[in-house]
Amino acid sequence: MLRLERVSVTRGRTRVLQEVSLEVPEGEISALVGANGAGKTTTLMTLSGLLPISAGRALLQGPAGEIDIARTPADRLVAAGLIHCPEGRQIFAKLTIEENLRLGAYLNRDRGAVQRLQESVYSLFPVLSDRRRGRAGSLSGGEQMMLAIGRALMAEPRVLLLDEPSLGLAPIVTEQIFDTLVALNRERGVTLLLVEQNAMMALEVADRAYVMAEGRIVESGSGQELLERQSVVTAYLGTGA
Amino acid sequence: MSSYVIQQLVNGLTLGSLYALVAVGFSLIYGVIRLVNFAHGDLMMIGAFVTLGLVGTGYVPWVLIPLLVLLAGFLAGGTIERLAFRSLRNAPMITGFIVTLAVSVALQNLGILVLGGQPRNFLFPDIFRARVELGFAQVAVIDLVIPAVTLLLAIALGLLVKQSRLGLAMRALSENLLAAQLMGISANRAVLAAFGLGGALAAIAGLFWGGKYGQIDPLMGLVPGLKAFVATIIGGVGSLAGAVVGGYILGLAEVAFVGFTPPSWSGYRDGFVFVLMILILLVRPQGLFGRDEEERA
């Protein structure tokens with residue numbers, strides 16, 4: 001579904017990604033874990049066409065053939081079903097919850113379809129439904145995360161990139177969010193690429209996982225394999241694992 | 001109230017309308033891309049001369065002229081954005097700011113080159129100068145038309161921003177460029193629309209300016225443009241309602257200053273406008289309708 005081939009990205013004079021190769025197969029959950037500043041967010045930004053690639057190729061399997069991400073404007077990638085739920089949620093705090101959701105389906109001009117999508121998000125997260133006319137900025141952190149995911153679902157993603165969905169959330173809320181994401185994948189077949197600091201949790205649900213450090217991929221394998229690999233456990237999962 | 005006071009009130013509302021029409025564009029453009037466009041006032045000049053040109057042909061009926069002026073303003077605003085500002089989208093703020101000054105000076109000098117530096121008499125149908133009896137006072141038709149059209153246009157713009165898909169995209173861009181792009185919103189199109197809409201309103205203000213004051217010249221946009229920017233600041237930059245209210249406050253205050261102080265003071269009217277701005281900002285630094293930036297979490 002998504003593929004990076006030896007991709008390098010430079011910001012200013014620093015090379016923030018160094019020949020990163022990874023694959024996100026259709027219908028699977030992939031995870032990208034690693035310490036702060038390892039290049040995980042940069043990788044997602046590159047995948048959604050927001051950063052220029054200095055070397056290598058980034059490819060998206062679109063509904064009508066392969067798309068070269070470097071040569072496609074960001075809005076066309078969204079139209080092809082590549083949806084990015086960014087770090088820090090980035091909801092539109094001054095707009096209402098309903099407006100946030102409508103923005104998620106911005107490219108969808110079928111009003112009836114947008115209405116149906118909206119209702120399905122509300123049934124997934126009833127707490128949003130209760131406050132649909134309220135300003136998104138008044139929601140709690142967990143509710144804002146639900147809104148961010150709901151907004152992403154409005155776009156009917158084929159592949160969903162999620163940047164730190166658990167950041168700053170209480171464990172019970174995190175668990176609820178993860179359950180929702182896994183259900184999305186299993187029931188609706190949405191391909192997921194999950195970036196997480198909470199590596200344990202991500203690896204447990206991931207079919208395939210990559211570990212990043214200093215702008216490179218340093219380990220890869222299935223989620224289970226990485227959970228059992230000693231070098232990964234000591235470096236990224238702490239001694240408690 | 002004496003008829004003198006009523007006439008001053010009417011003049012204030014008319015002048016305020018002109019400021020409001022220009023101020024709304026400042027606010028709209030700033031709201032969408034955080035750019036203070038100092039070339040914005042010069043679109044008034046373009047609107048005024050387009051009107052003069054259309055009237056001069058003698059073929060275009062008067063009912064069509066305002067519509068054509070709106071269209072010309074939209075195209076002029078959009079063209080300026082496309083040619084001068086699009087390539088600066090990711091440049092530091094100060095670069096964009098300097099370029100708007102450069103575009104302003106270029107437009108004024110282009111105007112002088114093409115149209116000559118002398119003021120021209122503005123051709124306007126006599127019907128607008130006719131005075132109507134309102135019971136308590138006599139008022140010129142144009143003094144009724146200007147505020148009425150201004151309010152209609154302001155309401156239309158407000159509805160567009162609040163209700164339409166384009167308006168939603170503009171508000172999203174205004175709040176969070178990155179997230180808006182992730183929604184599939186093309187920043188270029190929304191920014192172009194903001195410049196176009198702002199340009200259309202400024203151009204119609206130019207038509208009104210000529211109709212009200214009778215003379216136009218290539219530099220006519222400079223001072224009113226600056227004052228409209230003051231109106232934007234008074235109202236709170238980025239707020240459309242604030243820009244309209246700021247425009248009327250400024251127009252009424254300026255006319256009151258000229259009308260109710262000794263005649264020898266009237267030369268200080270421009271200075272008074274800026275003093276007023278400073279006083280308001282001392283009390284409300286974010287403007288009357290502005291929100292604290294901190295609120296955006």
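Read the figures in this text as sums done on the coordinates, not as results from a lab. In this text, all values refer to a predicted model and were calculated from it rather than measured experimentally. Virtual Cβ from ideal backbone geometry, glycine too; neighbours counted across all protein chains shown.
Comparing B:42, B:270, B:143 in a Gaussian network model of chain B, where Cα atoms under 10 Å apart are tied by springs, the biggest mean-square fluctuation is seen for B:270. Arranged from fewest to most other beta-carbon atoms within 10 Å of their beta carbon, B:93, B:220, A:145 become B:93, B:220, A:145.
Would you please state which residues of region B:207-222 a label at residue B:266 would reach in this model, taking the label point 7 Å out along Cα→Cβ and a backbone N cut-off of under 20 Å? Label zone hits: B:209-217, B:220. When both region B:228-249 and region A:175-209 are represented by their alpha-carbon centers, they are found 48 Å apart.
Could you list B:268, B:59, B:248 so that the one with the fewest beta carbons within 10 Å of its beta carbon is first and the one with the most is last?
Details: B:268 13, B:59 8, B:248 22.
Result, fewest neighbours first: B:59, B:268, B:248.
Classify region B:169-230: rounded, prolate or oblate, from the alpha-carbon gyration tensor (a ≥ b ≥ c, eigenvalue square roots; a/c under 1.5 rounded; otherwise prolate if a/b is larger than b/c)? Judged from the Cα gyration tensor, region B:169-230 comes out prolate (a/c at least 1.5, a/b above b/c). How would you classify region A:25-73 from its alpha-carbon gyration tensor, with a ≥ b ≥ c the square roots of the eigenvalues: rounded for a/c under 1.5, else prolate if a/b is greater than b/c, otherwise oblate? In terms of gyration-tensor shape, oblate. The modelled label-to-label distance between residue A:10 and residue A:35, using points 7 Å beyond Cα along the C-beta direction, is 2.6 nm. Across the protein assembly as shown, Cα-Cα distances exceeding 38 Å account for 41% of all pairs. Overall, the anisotropy analysis places region B:87-141 in the oblate class: the square-rooted eigenvalues a ≥ b ≥ c of its C-alpha gyration tensor yield a/c not less than 1.5, with a/b not exceeding b/c.
Each label was represented as a point 7 Å from its Cα along the Cα-to-Cβ direction; for residue B:144 and residue B:57 these points are 3.0 nm apart.
When a footprinting reagent is the concern and you count Cβ atoms within 10 Å, what order do B:64, B:13 take, fewest first? Kindly include the intermediate steps, with their values, before the conclusion.
Values: B:64 11, B:13 19.
Lowest to highest Cβ neighbour count: B:64, B:13.
Between residue A:197 and residue B:284, the FRET efficiency from the beta-carbon distance, with R0 = 41 Å, is close to 0.45. About its Cα centre, region A:98-241 has a charge dipole of approximately 680 debye under the convention of +1 per Lys or Arg Cβ and -1 per Asp or Glu Cβ, with nothing else charged.
For the peptide A:96-102, the mean number of other protein chain Cβ atoms found within 10 angstrom of a residue's Cβ is 2.
Toward the positive end of the charge dipole of chain A, with +1 on the Cβ of Lys and Arg and -1 on the Cβ of Asp and Glu, the farthest Cα among A:52, A:21, A:120 is that of A:52.
How much FRET efficiency would the formula 1/(1 + (r/R0)^6) give for residue B:82 and residue B:274, where r is the Cβ-Cβ distance and R0 is 30 Å, rounded to 0.05?
Details: r = 33 Å, r/R0 = 1.09.
The formula returns an efficiency of 0.40 here.
Among A:42, A:180, A:14, the largest mean-square fluctuation in a Gaussian network model of chain A (Cα springs under 10 Å) belongs to A:14.
Ordering B:178, B:256, B:95 by Cα displacement along the dipole of the protein assembly as shown toward the positive end leaves B:256 in first place; charges were set at the Cβ atoms of Lys, Arg (+1) and Asp, Glu (-1). Extending each Cα 7 Å along its Cβ direction at residue B:101 and residue B:178, get the distance between those two points in nm, one decimal. About 3.2 nm, to one decimal.
How much length would be gained if the chain were fully extended between residue A:28 and residue A:230, taking 0.36 nm per residue of separation minus their Cα-Cα distance, in nm to one decimal? It would help to have the intermediate numbers written out before the result.
Numbers: separation 202, 0.36 × 202 = 72.72 nm, distance 2.45 nm.
That pair, residue A:28 and residue A:230, stretches by 70.3 nm at full extension.
Label reach from residue B:127 (point 7 Å along Cα→C-beta): in region B:140-159, amide nitrogens under 19 Å belong to B:140-150.
Taking the Cα centre as origin and putting +1 on Lys and Arg beta-carbons and -1 on Asp and Glu beta-carbons, what dipole magnitude results for chain B, to the nearest 20 debye? Each step should come with its number before you reach the end.
Values: 17 positive and 13 negative charges, 97 e Å.
Charge dipole, chain B, about its Cα centre: 460 debye, nearest 20.
Most fluctuating residue of B:171, B:131, B:34 in a GNM of chain B with Cα springs under 10 Å: which is it? Comparing B:171, B:131, B:34 in the GNM, the peak value goes to B:131. Which lysines, if any, have their Cα less than 24 Å from the Cα of residue B:227, not counting same-chain residues under 8 positions apart? List returned: B:212.
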